[in-house]
Amino acid sequence: MLSSLSLRWRALPSNVRGSLWILLGSLIGAVMGGLIKFVGQRIPVFEILFIRQLCVIVILSPVLVRNYNTVFNTSSLHLHVMRGMFGVIAMAAGFTALVYMPLAEATAISFAKTLFTTVLAIIFLKETVGIRRWSVTIVGFIGVLIIIRPGTEAINAYALLALMSSLFVAGIMIVLRKLSQIDPALTIMAYQSCFVTAIMVGPALYFWVTPTWREIAVIILIGGLMSVMQWVHIQGMKAAEAVAVAPVEYARLLFATIIGIVVFSEVPTVWTLTGSATIIGCTFYTIRRNAIRNKQSYPVP
């Protein structure tokens, strides 16, 4: 049974496998965002990030200990440092926006990273983007604009933080595309976890608020989900082109909207529903189009 499923999975075109990995990562990310918003009502963001990163290191520690001779071996230390710096900025800004803005709105603004990723992939990865991919990316971004409706009210500082986070997340995706072709997933996760933990310890201690046992449990869960999401995203970026899988992450908006309704009583407006429908349509079109392109490139004999 498992071997049959494994064979079917490997038979899928690489861009389809990458898209499905990113779709799973989007669900995990939306759940994690809801948990961050919940616990962040009292606990400072830097403290959440620090405790979460400690949890990630604890989860990884058995594997790190078994592979201590090789896990930190890399010929691309500068890329790991770059990814770590981008990660610190993106998480601090993005988590703050999640805590203080409606979940769906903060998530929607974060999707500006798709446009940033497409442009950065062309500049730094020399990837070719056809008219169909440009179209689906632009239409998806229009869906984001429908939700946030820029110009209808003053953009607050938290919205700007969400936008800044999206730019640095796009940078992370580009760096990951390079790193995933050079180093194994464990090495990438190990460097990221150690770097972010070291950076966060100072701010966390400065803003420290003693958490309750329930808050500790939630933060530990966030750390576990983050580890899984990192691994899933690495697999997605390794399997497919960055510009092919970037629009698939739009599905996280649907998941975030559902969580906002059920958990935080954030009833979406007609603009949110319209934009979400546009975004989800782009997501599934991307997966279908990737499958068609690969079948045309590798026809079955």
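The values are calculated or read from the model by the stated rules, or taken from the named source; none is laboratory data. Keep in mind the model is a prediction, meaning the values are calculated, not measured. Note that each Cβ is placed from the backbone with ideal geometry, even for glycine, and that neighbours are counted across all protein chains shown.
Looking across region 3-36, the residues that are under 29 Å from F207 (Cβ atoms) and in contact with a Phe, Trp or Tyr (Cβ under 7 Å, 6 or more places away or on another chain) come down to A30, I36. Answer with yes or no whether I174 is of a type outside the set (D, E, K, R), surrounded by 13 or more Cβ atoms within 10 Å (Cβ to Cβ), touching a Leu at 6+ places or on another chain (Cβ under 8 Å) and under 15 Å from R83 (Cβ atoms). It is true that I174 is of a type outside the set (D, E, K, R), surrounded by 13 or more Cβ atoms within 10 Å (Cβ to Cβ), touching a Leu at 6+ places or on another chain (Cβ under 8 Å) and under 15 Å from R83 (Cβ atoms).
Just for region 110-155: of the residues that are over 19 Å from V175 (Cβ atoms) and charged (D, E, K, R), which one is modelled with the lowest pLDDT? Among those residues, the one meeting the criterion is E153.
Considering L7, L23, the condition of being aliphatic (A, V, I, L, M), buried (at least 16 other Cβ atoms within 10 Å of the Cβ) and either in a helix (DSSP H, G or I) or in contact with a Cys (Cβ under 7 Å, 6 or more places away or on another chain) (or both) is satisfied by L23 alone.
Restricting attention to region 210-244, report how many residues are small (G, A, S), at pLDDT below 85 and under 21 Å from P44 (Cβ atoms).
Taking region 210-244 as the starting set, the residues that turn out to be small (G, A, S) are 217, 223-224, 227, 236, 239-240, 242, 244.
Next cut, at pLDDT below 85 only: 223-224, 227, 236, 239-240, 242, 244.
Applying the additional criterion that residues be under 21 Å from P44 (Cβ atoms) yields 223-224.
Here the count works out to 2.
Applying the condition of being over 15 Å from F38 (Cα atoms) and of a type in the set (V, I, T) to region 210-229 and asking which residue is surrounded by the most Cβ atoms within 10 Å (Cβ to Cβ) yields V228.
Within region 31-84, restricting attention to residues that are modelled with pLDDT under 90 and aromatic (F, W, Y), the residue that is farthest from V196 (Cα to Cα) is Y68.
Only one of these is within 24 Å of R133 (Cβ to Cβ), small (G, A, S) and touching a helix residue (DSSP H, G or I) at 6+ places or on another chain (Cβ under 9 Å): G34, G18. Name it. Quick ask: steps written out before the conclusion?
On the way: G34 fails: within 24 Å of R133 (Cβ to Cβ).
Exactly one residue qualifies, and that residue is G18.
If you check V81, V88 for being over 19 Å from M229 (Cα atoms), touching a residue at least 24 places away in the same chain (Cβ under 8 Å) and in a helix (DSSP H, G or I), only one passes: V81.
The C-beta contact set for region 226-239 (first residue in a helix (DSSP H, G or I), second residue among the polar types (S, T, N, Q), distance under 6 angstrom, 6+ apart or interchain) comprises I234/S180; M237/S180; K238/S180; A239/S14.
The set of residues in region 207-225 that are without any contact (Cβ under 8 Å) to a residue 24 or more places away in the chain and part of a helix (DSSP H, G or I) comprises W213, R214, A217.
Whenever a residue of region 93-119 is more than 15 Å from M32 (Cα to Cα) and surrounded by fewer than 24 Cβ atoms within 10 Å (Cβ to Cβ), its partners that are of a type in the set (S, T, N, Q) and at pLDDT 85 or above, lying with C-beta atoms within less than 6 angstrom and at least six residues away or across chains, give the pairs A93/S165; A112/S166. Taking the listed residues L186, L161, L253, the one that is part of a helix (DSSP H, G or I), within 20 Å of G29 (Cα to Cα), more than 15 Å from the chain's Cα centre (by Cα) and at pLDDT below 85 is L186, with no other qualifying.
Condition first: part of a helix (DSSP H, G or I) and either buried (at least 23 other Cβ atoms within 10 Å of the Cβ) or of a type in the set (V, I, T) (or both). Now tell me which residues in region 33-45 satisfy that. Step through it out loud before you land on a result.
Our first condition is that a residue be part of a helix (DSSP H, G or I); within region 33-45, this holds for 33-39, 45.
Within region 33-45, G33, I36, K37, V39, V45 meet the criteria.
Got a sec? Which of T74, T128 is β-branched (V, I, T) and either surrounded by 15 or more Cβ atoms within 10 Å (Cβ to Cβ) or part of a helix (DSSP H, G or I) (or both)? Quick ask: steps written out before the conclusion?
On the way: T128 fails: either surrounded by 15 or more Cβ atoms within 10 Å (Cβ to Cβ) or part of a helix (DSSP H, G or I) (or both).
Testing whether each residue is β-branched (V, I, T) and either surrounded by 15 or more Cβ atoms within 10 Å (Cβ to Cβ) or part of a helix (DSSP H, G or I) (or both) leaves just T74.
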